[in-house]
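**Student:** Can you keep this structure in mind? I'll have questions shortly.
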Amino acid sequence: PLNVGIVGLPNVGKSTIFNALTSAKAQAANYPFCTIDPNVGVVPVPDARMNKIVSMVKPNSIVPTTMEFVDIAGIVEGASKGEGLGNQFLSHIRQTDAILHVVRCFADPEVIHVAGGVNPLSDIDVINTELLLADLDTVEKRAVKSEKAAKSQSATAAQKSEWSAIQKLREALNAGKPARTVDLEDDEKLIARDLFLITAKPMLYVANVDESALSTGNDWTAAVEKRAAEENSEVVRICGQMEADIAELPADERAEFLAEMGLEEPGLDRLIHAAYRLLGLYTYFTSGVQEVRAWTIKKGTKAPGAAGVIHSDFERGFIKADCYHCEDLFKYGSEQAVKEKGLLRSEGKEYVVKDGDILFFKFNV
Ligand code: GDP
């Protein structure tokens, strides 16, 4: 599955949030939850539509789709120069698909702040600076060879575009701008991907607040929201401590607790959904009495590619997909009724799968 790295200064609540995310097992009671590594957790993606399909189809088994979260501890000022766990942390974060940047927006005198006081904007700058410096280091290392190759007589088009990408990236990083903001040509993008730049990954901020500021926000969250808006990033406000408490509750008490708090869903669900959106992901379903299952695809995936998520043979032998949308199922009450309304279609290789489609693949083996 796609994975999301959780970063932030020490004591901002990363582990609290990570543990809450990975311990909320009851959300998918019969899904074999697994922890790959103490810092890596596979988390089922909550999906109200899936619950509705399940309540109508009553399958023998239910399999949600998942996302992986990685708790990346150890980033401190100087990490890019090898301070703390510097290099180790950087190599972990290079392998993630997206970044959640946790920012402390709670006071709590009991919890030491590494920089002496709560100041989310300066915390954000410390982390972002380390990430920029790490990327700059990567780019500089490549620059020497790249320039030489691009300027030689026998330079290929690929070598020339590599050098042009490197120059654009270097200029942006030097000016304190993340690689994701750099406008690159398609061939240059390939090079950027090849460099595994951290600041090229999509990122969202998580403002960790006390319970009292959860619905109203506070001056700190306002500052983070303003900064995020300038960067075109999203902010999710959650109370890590409360999420940890909610995750410990049995499923039936959880709903009651949320209702008492006036909340529709746990903050973690909002967080997982925001990460899913950040990655540009869609969910489609396969549905039958044996199993109802959710699958993740990238937005824009065509039917054969969606089949390939299940098995590469399905993609290779793809013939067609019978398809209807889950909203039509909810509207008309059964698959039979959807059929009678003429809403069950047969789609071919060029069909772009929609979020919430229910698909049945026909394929040659
Ligand atoms: P990390 O170093 O970023 O992983 O931070 P931790 O998750 O270990 O949290 C540091 C401390 O802050 C712990 O004592 C947590 O209990 C506390 N903490 C985490 N989230 C919250 C919160 O939302 N409110 C308050 N008051 N404390 C929190």
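The values are calculated or read from the model by the stated rules, or taken from the named source; none is laboratory data. Predicted model only: the values in this text are computed from it and were never measured. Neighbour counts are summed over all protein chains in view; Cβ atoms, including those assigned to glycine, are modelled from backbone coordinates with ideal geometry.
**Student:** Given (1) more than 26 Å from ILE72 (Cβ to Cβ); (2) assigned by TED's automatic domain parsing to the domain that holds GLU230, where does LYS148 come up short, assuming only one miss?
**Tutor:** Unmet condition: (2).
**Student:** Continuing with this model, one more query. How many of the residues making up region 193-221 are within 23 Å of the chain's Cα centre (by Cα) and closer than 19 Å to SER233 by Cβ?
**Tutor:** Number satisfying all stated conditions: 14.
**Student:** Also, I was wondering about something else. Looking only at region 38-47, decide whether some residue is farther than 16 Å from THR22 by Cα, at pLDDT 75 or above and more than 16 Å from the ligand (Cβ to nearest atom).
**Tutor:** Taking every residue of region 38-47 in turn, at least one turns out to be farther than 16 Å from THR22 by Cα, at pLDDT 75 or above and more than 16 Å from the ligand (Cβ to nearest atom).
**Student:** Does at least one position in region 105-122 carry a residue that is surrounded by 15 or more Cβ atoms within 10 Å (Cβ to Cβ) and among the charged types (D, E, K, R)?
**Tutor:** no
**Student:** Right, next: If a residue must be among the hydroxyl-bearing types (Ser, Thr, Tyr) and touching a His at 6+ places or on another chain (Cβ under 9 Å), how many such residues does region 113-155 contain?
**Tutor:** 0
**Student:** Return the residues of region 99-124 that are of a type in the set (D, E, K, R), in the same structural domain as LEU214 (by TED's automatic domain parsing) and within 16 Å of GLU225 (Cβ to Cβ); say none if nothing qualifies.
**Tutor:** Selection gives ARG104 alone.
**Student:** Also, I was wondering about something else. Answer yes if at least one residue in region 156-173 is small (Gly, Ala, Ser), in the same structural domain as PHE89 (by TED's automatic domain parsing) and either under 23 Å from the mean Cα position of the chain (by Cα) or buried (at least 18 other Cβ atoms within 10 Å of the Cβ) (or both), and no otherwise.
**Tutor:** Within region 156-173 (the criterion being small (Gly, Ala, Ser), in the same structural domain as PHE89 (by TED's automatic domain parsing) and either under 23 Å from the mean Cα position of the chain (by Cα) or buried (at least 18 other Cβ atoms within 10 Å of the Cβ) (or both)), the answer is no, since none of the residues qualifies.
**Student:** Only one residue in GLU265, GLU234, GLU248 is modelled with pLDDT of 90 or more, surrounded by fewer than 19 Cβ atoms within 10 Å (Cβ to Cβ) and under 24 Å from GLU68 (Cα atoms), so which one is that?
**Tutor:** GLU234 is the lone residue from the list that is modelled with pLDDT of 90 or more, surrounded by fewer than 19 Cβ atoms within 10 Å (Cβ to Cβ) and under 24 Å from GLU68 (Cα atoms).
**Student:** Name the pairs: first residue in region 1-12 and within 11 Å of VAL43 (Cβ to Cβ), second residue part of a strand (DSSP E or B) and more than 15 Å from the ligand (Cβ to nearest atom), Cβ to Cβ under 6 Å, at least 6 apart or on different chains?
**Tutor:** The qualifying pairs are PRO1/THR66; PRO1/MET67; PRO1/GLU68; ASN3/GLU68; VAL4/ALA98.
**Student:** For region 322-365, give me the residue count where each residue is in a helix (DSSP H, G or I), touching a residue at least 24 places away in the same chain (Cβ under 8 Å) and of a type in the set (Phe, Trp, Tyr).
**Tutor:** So the count comes out to 1.
**Student:** Sort out for me the strands (runs of 3 or more DSSP E) sitting completely within region 55-137 that have 1 or more residues that are away from the ligand (no atom under 11 Å from the Cβ) and either under 21 Å from GLY240 (Cα atoms) or modelled with pLDDT under 90 (or both).
**Tutor:** By residue number, 66-71, 98-104.
**Student:** Among the helices (runs of 4 or more DSSP H) contained in region 177-288, which hold 2 or more residues that are without any contact (Cβ under 8 Å) to a residue 24 or more places away in the chain and away from the ligand (no atom under 16 Å from the Cβ)?
**Tutor:** Of the helices (runs of 4 or more DSSP H) lying wholly inside region 177-288, those with at least 2 residues that are without any contact (Cβ under 8 Å) to a residue 24 or more places away in the chain and away from the ligand (no atom under 16 Å from the Cβ) span 186-194, 219-231, 251-261.
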